């Protein structure tokens, strides 16, 4: 668990109270709760909200039904908190499908709650279950959409550069290492250690973002735009050579059964 800054203590208490309230109301057990947005990615603004994500478990009889039942829980979003969660079975199905969000959650440097060893157990399975091709496509789509919709103007929202840089570096990581990428931007930057010009520009924008609000804009950065497009082209070429990967359900079934039985 990351060390929460002193000025965040009240926020953590608020988040904990919200988690307790939803657990009591829904009669669920929250197995894991973490930060998933810019605060966990490593580039928050002072007014960034808190993107809290959690994995929960229902009583055993909930799963013994012929009917499909809701498998997500969402609290009303406000300017400070965005809290939602997935049922454990849904989370494991998405894990099997190499959903990048769940692979990021289990790496989050900011953990609000952890019951048992679920993140560690999933990390132990990650290398054998993560499909590189699916991961690359996910992060490429994030980058290309952000680039097309936000980075082509003369003036750009500062945060949008990071919403393009982090995913394209994640895609690059998968291409080069054939495994799931780190969640935190700092751990991805060594991939471009030979590009001192790009690193300098990213660090310049990080310095600005640390004191700027979420709506802050800057003049477009041609050097970053060129870099992002070059990496998009490179990853699009590389992903075509990576075969599709089928993953096994057995280990995830056992994990689900373990938690469903032990916690009921």
The rounded separation in angstrom of the Cα centers of the range 169-185 and the range 56-124 is 22 Å
Only bridges whose two residues both fall in the chain count here: according to DSSP, what percent of them are antiparallel, nearest 5?
70 percent
Calculated from DSSP helices alone, with each H run of at least 4 adding -39500 (n - 2.57) and the total divided by the residues of the chain, [θ]222 nm to the nearest 500 comes to -16500 deg cm²/dmol
Most exposed to least, judged by fewest other Cβ atoms within 10 Å, 112, 163 sort to 163, 112
To test your reading of the geometry: what angle, between 0 and 90 degrees and rounded to tens, separates the Cα axis of helix 132-150 from the longest principal axis of the chain?
50 degrees
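Based only on Cα atoms, what mean projected area does the convex hull of the range 132-239 have, in nm²? Show your work: numbers first, answer last.
Details: hull surface 24.8 nm².
With every direction weighted equally, the projected area is 6.2 nm².
Using 1/(1 + (r/R0)^6) with R0 = 41 angstrom and r between the beta carbons of residue 9 and residue 240, what's the FRET efficiency to the nearest 0.05? Write out the running numbers ahead of the final one.
Working: r = 49 Å, r/R0 = 1.19.
Once the sixth-power term is evaluated, E becomes 0.25.
If R0 is 25 Å, what FRET efficiency do you get for residue 153 and residue 16 from their C-beta distance, rounded to 0.05?
On the way: r = 40 Å, r/R0 = 1.62.
E(calc), rounded to 0.05, equals 0.05.
Over the range 1-89, consider all pairs of different Cα atoms and compute the Kirkwood hydrodynamic radius from their mean reciprocal separation; express it in Å, one decimal. Mind dumping the intermediate values first?
Working: mean 1/r = 0.0702 Å⁻¹.
About 14.3 Å for the range 1-89.
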Could you give the angle, 0 to 90 degrees to the nearest 10, between helix 9-26's Cα long axis and the longest principal axis of the Cα atoms of the chain?
40 degrees
Calculating volume of the Cα convex hull per residue in Å³ from this structure picks out, from (i) 140; (ii) 171; (iii) 153, entry (i)
With everything on Cα atoms, drop me the angle between helix 118-129 and the longest principal axis of the chain, reported from 0 to 90° to the nearest 10.
60 degrees
Which value in nm describes the separation of the simple spin-label points at residue 194 and residue 79, placed 7 Å from the Cα toward the beta carbon?
4.7 nm
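How would you rank 49, 253, going from fewest to most other Cβ atoms within 10 Å of each one's own Cβ?
Values: 49 17, 253 13.
Sorted ascending by nearby Cβ count, the order is 253, 49.
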If I stretch the segment between residue 216 and residue 250 completely, what's the gain in nm (0.36 nm per residue apart, minus their alpha carbon distance), one decimal?
7.5 nm
How far apart, in nm, are two points set 7 Å out from the Cα along the Cα-to-Cβ line at residue 117 and at residue 65?
3.3 nm
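Specify whether the C-alpha gyration tensor of the range 200-251 places it in the rounded, prolate or oblate class, a ≥ b ≥ c being the square roots of the eigenvalues: rounded for a/c under 1.5, otherwise prolate if a/b is larger than b/c and oblate if not. List each step's numbers first, then the result.
Values: a/c = 4.04, a/b = 1.86, b/c = 2.17.
Verdict is oblate for the range 200-251.
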Per 0.36 nm of contour for each residue apart, how much would the distance between residue 177 and residue 207 grow if the chain were fully extended, relative to their Cα-Cα spacing?
7.9 nm
Point-to-point label distance, residue 27-residue 223, nm (Cα→Cβ direction, 7 Å offset):
6.0 nm
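By counting other Cβ atoms within 10 Å of each Cβ, how are 217, 155 ranked from fewest to most?
On the way: 217 13, 155 8.
Listed from fewest to most nearby Cβ atoms, that is 155, 217.
No lab work stands behind these numbers, since they all come straight from the coordinates. Treat the numbers as computed from the prediction; the structure is a model and nothing was measured. Glycine also receives a Cβ, built like all others from the backbone with ideal geometry; neighbour counts cover every protein chain displayed.
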